[in-house]
Amino acid sequence: MKRFKVGLVGCGSISAQHLEALKSSPYTDLTAVCDIREERAKVAAEKYECKYYIDYRQMLEEEGLDAVHICTPHYLHSVIAIEAAEKGVNVLTEKPMSVTLQQADDMIEACKNNQVTLGVIFQNRYNAGSQLIKKTLESGELGKILSGQLSVYWYRSDEYYSSSDWKGTWDKEGGGVIINQAIHAMDQLRWFVDAPIEYVDANISNRFHPSIEVEDCAEGIVKYKNGVVTFFHALNYNTYDAPIELGIHCEYGKVKLISDKAVIRFNDGRELSAERDPEDKLGKNAKSYWGVGHSKQINDYYRSLVNNETPYIDGEEARKTQAMVCAVFESGKGRKKVFL
């Protein structure tokens, strides 16, 4: 079996999920890590027994990588992805794929032109609960989707923003609670509906974090071309990270997803449920709301490379969620419906 030489850029907290998966995957050889903070890169390199760099361009130039994982601040995703693609290196980036929709399009075009594969992490699609919901919806057992809703009520302190030079900014983070905290639930609900979006109508505001530029509260609707309307409410000034809740009302039943536990109740009294497999182990440094899907998605990505197939979540698929998120911001700033 072919093993891919892989590098990783950005050794912050989320990188541990990638590094653990890369070290245990039958498809990959972790070759190098990179971070502008040398001590952080060095610690990761020592733990995972690989080389380290403080300049990702040097790593791309010297290591002959097959793929690179991007775990950097949001505004660097497109920059690094395009440079990697131009060197013939496959790309797997953390969410969001970019800050703007134009950046997303530039990434897709660069990877297409250089015949490399772009993947985007939305690991919660791989949770057992998400998979049960998707499979049941696709089977037709629930009939048509009538409506859907989600809520994200989390907490982010002033220090969370002040300790960073990029979070809380439009140009570097790309937004606030929607693009950072709520994006996974937004992606899941869009994926469950699985239809083109007609328009987004949203309100955004900053109610609790006066030191930042971006929204800490957002609500609105997403209207799909098949007639389905979903609505969302997200904020990050709760006093704790409450479990994300997502619901779907269908012709023949109702779906509820709380954190990563799914319950499907049919109108005829039947019930299906799924939650995290107790054998799935979170990485040592993982947060519970990250779920356990990183290793599943990472292995799936490399399996697609081996088989010369399109990844489950490629650039085109992730672009649909990026377009929705960008439409939330455009609608909220302009106080108007944004048609896609």
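The values are calculated or read from the model by the stated rules, or taken from the named source; none is laboratory data. Since we're looking at a predicted model, the values are computed, not measured. Heads up, the Cβs are rebuilt from the backbone with ideal geometry, glycines too, and the neighbour counts pull from every protein chain shown.
Can you list the strands (runs of 3 or more DSSP E) found entirely within the stretch 214-311 that contain at least 2 residues being at pLDDT 95 or above, in the same structural domain as residue 141 (by TED's automatic domain parsing) and closer than 30 Å to residue 99 by Cα?
Hits in the stretch 214-311: 217-224, 229-235, 245-250, 253-258.
Which residues, counting only those in the stretch 312-335, are part of a loop (DSSP other than H, G, I, E, B) and closer than 23 Å to residue 103 by Cβ? Write out each step before concluding.
Step one: filter the stretch 312-335 for residues part of a loop (DSSP other than H, G, I, E, B), giving 312-313, 335.
Once the filter is applied, which keeps residues that are part of a loop (DSSP other than H, G, I, E, B) and closer than 23 Å to residue 103 by Cβ, the stretch 312-335 yields 312, 313.
If I go through the stretch 135-174 residue by residue, how many of them are under 19 Å from residue 262 (Cα atoms) and either modelled with pLDDT under 95 or of a type in the set (Asp, Glu) (or both)?
Counting residues in the stretch 135-174 that are under 19 Å from residue 262 (Cα atoms) and either modelled with pLDDT under 95 or of a type in the set (Asp, Glu) (or both) gives 2.
Quick grid of which residues meet (1) acidic (Asp, Glu); (2) surrounded by fewer than 24 Cβ atoms within 10 Å (Cβ to Cβ):
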position	(1), (2)
4	no, yes
7	no, no
31	no, yes
47	no, yes
63	yes, yes
73	no, yes
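Please enumerate the residues belonging to the stretch 9-26 that are buried (at least 21 other Cβ atoms within 10 Å of the Cβ) and of a type in the set (Ser, Thr, Tyr).
Of everything in the stretch 9-26, just one residue is buried (at least 21 other Cβ atoms within 10 Å of the Cβ) and of a type in the set (Ser, Thr, Tyr), namely 15.
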